[in-house]
């Protein structure tokens with residue numbers, strides 16, 4: 001298996017030593033990623049999105065939360081939440097907030113299943129309710145229920161414990177069609193970007209995305225193929241395939257056939273240059289070991305420096321486990 005890695009892994013930036021070549025490689029990675037994810041081949045997609053509000057808005061200190069449903073494919077609706085600061089702000093930053101594994105989008109919203117604020121925070125030390133933190137700082141945030149999580153699980157899984165996802169069965173069902181759970185989630189992120197861009201209070205030049213863990217995967221590949229994201233925050237994911245995804249058991253949604261023929265995780269992140277990128281890596285992260293994360297950081301730094309935009313790359317290595325940090329990312333996105 002180690003031999004496969006060495007034989008198959010592409011190294012697109014290995015011999016690149018100038019800005020023009022680095023940018024050309026980045027553009028090629030973007031094209032290859034779009035072809036690999038095959039989002040254009042998801043059948044019966046909707047193009048005129050008509051969100052429908054579900055329930056009444058909930059007003060909290062600093063922000064208002066509203067739940068929506070929108071059809072994104074024939075017979076497939078996406079649930080999402082919109083968080084808006086209570087103080088009217090023009091040209092606000094817009095953020096697509098992408099949750100990781102747990103009990104779905106509610107884990108970054110600090111709400112219970114009934115939609116009200118939680119009194120007990122199950123596992124929330126990991127995702128830090130980051131959608132709420134961004135809304136409190138003046139961002140307009142859209143947070144989708146990602147395919148296979150929370151309320152977007154298969155019906156038979158909805159009666160199972162809240163932390164059980166539907167990723168296994170959905171992955172197995174999509175693969176024969178040449179699709180993946182990752183592709184479906186990247187498509188969701190793209191839809192959320194389009195919805196935010198129609199918002200009257202959004203500054204289109206301040207559209208961003210942020211994701212943690214599995215949401216970090218989605219944020220990375222959505223950032224690669226969606227130019228409208230001007231800032232990207234990837235938390236608890238930037239590493240190497242060899243030392244993370246291939247080194248232990250991970251959820252099937254992490255595995256995308258053919259991905260390593262394009263490059264390593266750090267190659268995809270490097271292709272984001274010259275856009276702004278912030279990476280969060282915990283020193284005690286056992287899922288994405290810090291030694292491999294720091295190796296990835298060095299590769300990304302080299303390309304950002306080569307392109308002449310090293311000031312647009314922020315790396316937050318914090319003394320913590322697999323979790324959101326927020327010490328730099330929250331201000332980074334709310335500027």
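So what is the calculated 222 nm ellipticity per residue for the chain, using -39500 (n - 2.57) for each DSSP H run with n of 4 or more, over all residues, to the nearest 500 deg cm²/dmol? Walk me through the intermediate numbers first.
Numbers: 9 runs with 100 residues, N = 335.
Mean residue ellipticity at 222 nm (helix-derived): -9000 deg cm²/dmol.
So what is Rg over Rh here for segment 161-278, counting just Cα atoms and using Kirkwood for Rh?
Numbers: Rg = 14.9 Å, Rh = 15.2 Å.
That ratio equals 0.98.
By how many nm would the segment from residue 151 to residue 28 grow when fully extended, if each residue of separation counts as 0.36 nm and the alpha-carbon distance is taken off? Could you put the intermediate results ahead of the total?
Details: separation 123, 0.36 × 123 = 44.28 nm, distance 3.62 nm.
Here the segment from residue 151 to residue 28 would lengthen by 40.7 nm.
For residue 298 and residue 89, compute 0.36 nm times the residue count separating them, minus their Cα-Cα distance, and round to one decimal in nm.
Working: separation 209, 0.36 × 209 = 75.24 nm, distance 3.79 nm.
The span from residue 298 to residue 89 would gain 71.5 nm if fully extended.
Treat the count of other C-beta atoms within 10 Å as a stand-in for reagent exposure and order 49, 162, 130, 149 from fewest to most. Mind showing how you got there, number by number?
Values: 49 14, 162 17, 130 32, 149 28.
Listed from fewest to most nearby Cβ atoms, that is 49, 162, 149, 130.
How are the alpha carbon pair distances in segment 233-335 distributed across 10 Å bins from zero to the largest one, expressed in percent?
Reading upward from the zero bin: 15, 46, 33, 5.
What span do the alpha-carbon atoms of segment 2-334 cover on each of the three principal axes, reported in whole Å from largest to smallest?
Result for segment 2-334: principal-axis Cα extents of 56, 42, 40 Å.
Pairs of Cα atoms under 8 Å, at least six residues apart: use those to get the relative contact order of segment 139-225, whole percent.
Values: 64 pairs, mean separation 21.1, N = 87.
About 24 percent, as a whole number.
With a/c under 1.5 counting as rounded, go ahead and sort segment 60-203 into rounded, prolate or oblate using the C-alpha gyration tensor (a ≥ b ≥ c being the square roots of the eigenvalues; past the cut-off, prolate if a/b is larger than b/c, else oblate). Walk me through the intermediate numbers first.
On the way: a/c = 2.28, a/b = 1.35, b/c = 1.68.
It comes out oblate by the Cα gyration axes.
Using a 10 angstrom cutoff on alpha carbons, build the Gaussian network for the chain and name the most mobile of 237, 266, 68.
68
Between residue 177 and residue 10, what is the label-to-label distance in nm when each label sits 7 Å out along the Cα-to-Cβ direction?
2.5
Once you sort the root eigenvalues of the Cα gyration tensor of segment 1-61 as a ≥ b ≥ c, which label holds: rounded (a/c under 1.5), prolate (a/b larger than b/c) or oblate (the other case)?
Values: a/c = 2.43, a/b = 2.18, b/c = 1.11.
Cα axes put segment 1-61 in the prolate bin.
Compute the separation of the alpha-carbon centres of segment 204-234 and segment 44-99 and state it in Å as a whole number.
17
Pulled fully out, how much extra length does the chain show between residue 69 and residue 117, if you take 0.36 nm times their separation in residues and subtract their Cα-Cα distance? Walk me through the intermediate numbers first.
Details: separation 48, 0.36 × 48 = 17.28 nm, distance 2.03 nm.
Gain on stretching residue 69 to residue 117: 15.2 nm.
Could you identify which residue out of 141, 181, 16 has the top mean-square fluctuation in a GNM of the chain using Cα springs shorter than 10 Å?
16
If you build a Gaussian network model of the chain, linking Cα atoms that sit under 10 Å apart, which residue out of 281, 270, 21 swings the most?
In this elastic network of the chain, the residue with the biggest mean-square fluctuation among 281, 270, 21 is 21.
Calculate how steeply helix 214-225 sits against the longest principal axis of the alpha-carbon atoms of the chain, using the helix alpha-carbon long axis, and give the answer as 0 to 90 degrees to the nearest 10.
Orientation of helix 214-225: about 70 degrees from the principal axis.
Bear in mind that the values in this text are calculations on the coordinates, not laboratory data. As the structure is a prediction and not an experimental result, all values here were calculated from the model. Reconstructed Cβ throughout: ideal geometry from the backbone, glycine too, with neighbour counts over all protein chains shown.
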